[in-house]
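Some notes on the structure that comes next.
The values are calculated or read from the model by the stated rules, or taken from the named source; none is laboratory data. Bear in mind the structure is a predicted one, so any value in this text is a computation, not a measurement. Don't worry about glycine lacking a Cβ; one is built from the backbone with ideal geometry, like all the others, and counts go over all protein chains shown.
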Amino acid sequence: MAPAPIALFAYNRPVHLARTLSALQANPLAHESELFVFSDGPKHPQDRSAVDAVRRVIEQCEGFGRVSVQEQPTNLGLAQSIIGGVTKLVERYGRIIVVEDDLVVAPGFLSFMNQALSQFLTETRVMQIAGYMFPIPQAVALGDVFFARQAASCGWATWARAWKHFSANSDELSRQIGLTGRRHEFDLDGTYPYFAHLRKQAEGQLDVWGVRWHASMFLHNGLCLYPTQSLVSNIGMDGSGMHCQPTTILDVSLSPLTAWNLSVPIEESPVGRELLKRFAVESQRKMSTSLIRRMMNKLYHFMSGQ
């Protein structure tokens, strides 16, 4: 089976994009993979030069089986870009790997994604594969991978059979979660305010996609496979992104692995859930009073899908 297609979403950071492409090219499967680049249009006139610079980087892209580029003349925003691009490609190819222009991936990233996409192709409860893992050293005790109920938004993969359950209707999603009586569970047992983010999306205070995917997965009892050592590093935490204030709280070291044991029970890992809850709580506790609003905003957008 040919490797899954890669969807890369870019906006106005040419230097970051060049690093993203270089890291992807270093993956052994890159030269067999088809790359689809979605270049969003400028939001403001002053963004035009940066968008043009991004498109020049894309024009020089090589090292993949094939490169296709879609240049958006006007600004869609990241949420609409990802929802539209993923929907289009996954309907055509049945599966997809998704990255953004501020991610550096490990040399084994594409191998992991393709291995997991094949392994769990017909396991309907498995709805997503994550590339990023939070900096939780204790997670390696779980083995190479574990399943969690939390959706991923930073380097991930999915199938058409799972993405068909995605709903962009935040109001309806929050209504359904309310009816289940499981809001506390949805909020990672009260350690992270996903439901509040979903309501802000519904009220037009936010424009994010990840929390809607998390809600869609939650309502279908979906699982996401996480590596215990991260295969993705976010280099956009330097203040250059639309929602990215500088922070190191989510920094990780990239995994050196090139093969993984994926033979784990297809169920949420209780230990993995507790580790994620502890990380959410401790991350907030470590933030100083003077920085908490800025840092919480970053954590908020990172976990909810910028």
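Matching residues to (1) farther than 20 Å from A259 by Cα; (2) at pLDDT below 95; (3) surrounded by fewer than 20 Cβ atoms within 10 Å (Cβ to Cβ); (4) in contact with a Ser or Thr (Cβ under 8 Å, 6 or more places away or on another chain):
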residue	(1), (2), (3), (4)
Q119	no, no, yes, no
P135	yes, no, yes, yes
F147	no, no, no, yes
A168	yes, no, yes, no
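For A53, which of the numbered conditions (1) part of a helix (DSSP H, G or I); (2) closer than 24 Å to T258 by Cα; (3) without any contact (Cβ under 8 Å) to a residue 60 or more places away in the chain fails to hold? The failed condition is (2). The single condition from (1) out of contact with any strand residue (DSSP E or B) (no Cβ under 9 Å at 6 or more places or on another chain); (2) small (G, A, S); (3) closer than 13 Å to A215 by Cα that A152 fails is (1).
Determine, yes or no, whether A23 is surrounded by fewer than 17 Cβ atoms within 10 Å (Cβ to Cβ) and among the hydrophobic types (A, V, I, L, M, F, W, C). Taking the combined requirement at face value, the residue does not satisfy it. Each residue in region 207-216 was checked for being buried (at least 22 other Cβ atoms within 10 Å of the Cβ) and over 12 Å from S167 (Cβ atoms), and 2 pass.
Only one of the numbered conditions (1) farther than 29 Å from L250 by Cα; (2) without any contact (Cβ under 8 Å) to a residue 60 or more places away in the chain; (3) crowded, with 21+ Cβ neighbours inside 10 Å is violated by K88, and that is (3).
Taken over region 149-161, residues that are surrounded by 24 or more Cβ atoms within 10 Å (Cβ to Cβ) and over 21 Å from F195 (Cα atoms) amount to 4.
Okay, residues lined up against (1) within 20 Å of M113 (Cα to Cα); (2) modelled with pLDDT of 95 or more; (3) hydroxyl-bearing (S, T, Y):
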{"position": "S39", "(1), (2), (3)": "no, yes, yes"}
{"position": "E59", "(1), (2), (3)": "no, yes, no"}
{"position": "G63", "(1), (2), (3)": "yes, yes, no"}
{"position": "L78", "(1), (2), (3)": "no, no, no"}
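Taking (1) under 18 Å from the mean Cα position of the chain (by Cα); (2) of a type in the set (A, V, I, L, M); (3) surrounded by fewer than 18 Cβ atoms within 10 Å (Cβ to Cβ) in turn, A196 satisfies each apart from (1).
In this structure, F36 does not satisfy being assigned to a strand (DSSP E or B), closer than 17 Å to S153 by Cα and touching a strand residue (DSSP E or B) at 6+ places or on another chain (Cβ under 9 Å). If you filter region 271-293 down to residues that are among the hydroxyl-bearing types (S, T, Y) and in a loop (DSSP other than H, G, I, E, B), you find that the one that is modelled with the highest pLDDT is S288. Scanning region 254-270 for residues being loosely packed, with under 13 Cβ neighbours inside 10 Å and either among the β-branched types (V, I, T) or modelled with pLDDT under 95 (or both) gives a total of 2.
Checked against the criteria, N27 counts as under 23 Å from S233 (Cα atoms), in a loop (DSSP other than H, G, I, E, B) and modelled with pLDDT of 95 or more. In this structure, does L225 turn out to be within 16 Å of the chain's Cα centre (by Cα) and either in a loop (DSSP other than H, G, I, E, B) or not aromatic (F, W, Y) (or both)? Considered against the rule, which asks whether it is within 16 Å of the chain's Cα centre (by Cα) and either in a loop (DSSP other than H, G, I, E, B) or not aromatic (F, W, Y) (or both), L225 comes out as yes.
For region 202-215, a residue qualifies if it is out of contact with any Lys or Arg (no Cβ under 6 Å at 6 or more places or on another chain), touching a residue at least 60 places away in the same chain (Cβ under 8 Å) and of a type outside the set (F, W, Y), and the qualifying residues are D207, V208, G210, V211, R212, H214. Going through L254, L188 one at a time, which residue ends up being part of a loop (DSSP other than H, G, I, E, B), at positive phi and in contact (Cβ under 8 Å) with a residue 12 or more places away in the chain? The match here is L188.
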